[in-house]
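Trainee: Let me begin by handing over the structure; questions about it come next.
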C-alpha cells in the first residue's frame, strides 16, 4: 500500500469513527457533549498532523 493510500485509509477510518461518536451525542446529556468535542478535536488534530507530516515527507 502506498503512502497516499495509507493516508486515504486513515482519513476514511477517522471520518467514520468521528461520525459514529457524533451520532452518539443524542444519547448523552448536553453537558457531556463538550468532553466528546474536546476529545474529537484532539484526535482530529493528531490525524491531520500525521497526514501533514506524511505529505511533507513525500515531497
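Here, each number is a calculation from the coordinates, and none is a lab measurement. This one's a predicted model, so the numbers in the text were calculated from it and none came from an experiment. Quick reminder, even Gly has a Cβ in these numbers, built from the backbone with ideal geometry, and neighbours come from all protein chains shown.
Trainee: Hey, among 4, 12, which residue is surrounded by 10 or more Cβ atoms within 10 Å (Cβ to Cβ) and either within 8 Å of the chain's Cα centre (by Cα) or touching a residue at least 24 places away in the same chain (Cβ under 8 Å) (or both)? Break it down stepwise before answering.
Mentor: Details: 12 fails: either within 8 Å of the chain's Cα centre (by Cα) or touching a residue at least 24 places away in the same chain (Cβ under 8 Å) (or both).
Result of the check over 4, 12: 4.
Trainee: Oh, and also: Residues to consider are 40, 44, 51, 25; find the one that is in a helix (DSSP H, G or I) and touching a residue at least 40 places away in the same chain (Cβ under 8 Å).
Mentor: Numbers: 40 fails: touching a residue at least 40 places away in the same chain (Cβ under 8 Å); 44 fails: touching a residue at least 40 places away in the same chain (Cβ under 8 Å); 25 fails: touching a residue at least 40 places away in the same chain (Cβ under 8 Å).
On inspection, the qualifying residue turns out to be 51.
Trainee: If you don't mind, another one. For the range 28-37, give me each residue that is surrounded by 11 or more Cβ atoms within 10 Å (Cβ to Cβ) and not in a helix (DSSP H, G or I).
Mentor: Of everything in the range 28-37, just one residue is surrounded by 11 or more Cβ atoms within 10 Å (Cβ to Cβ) and not in a helix (DSSP H, G or I), namely 28.
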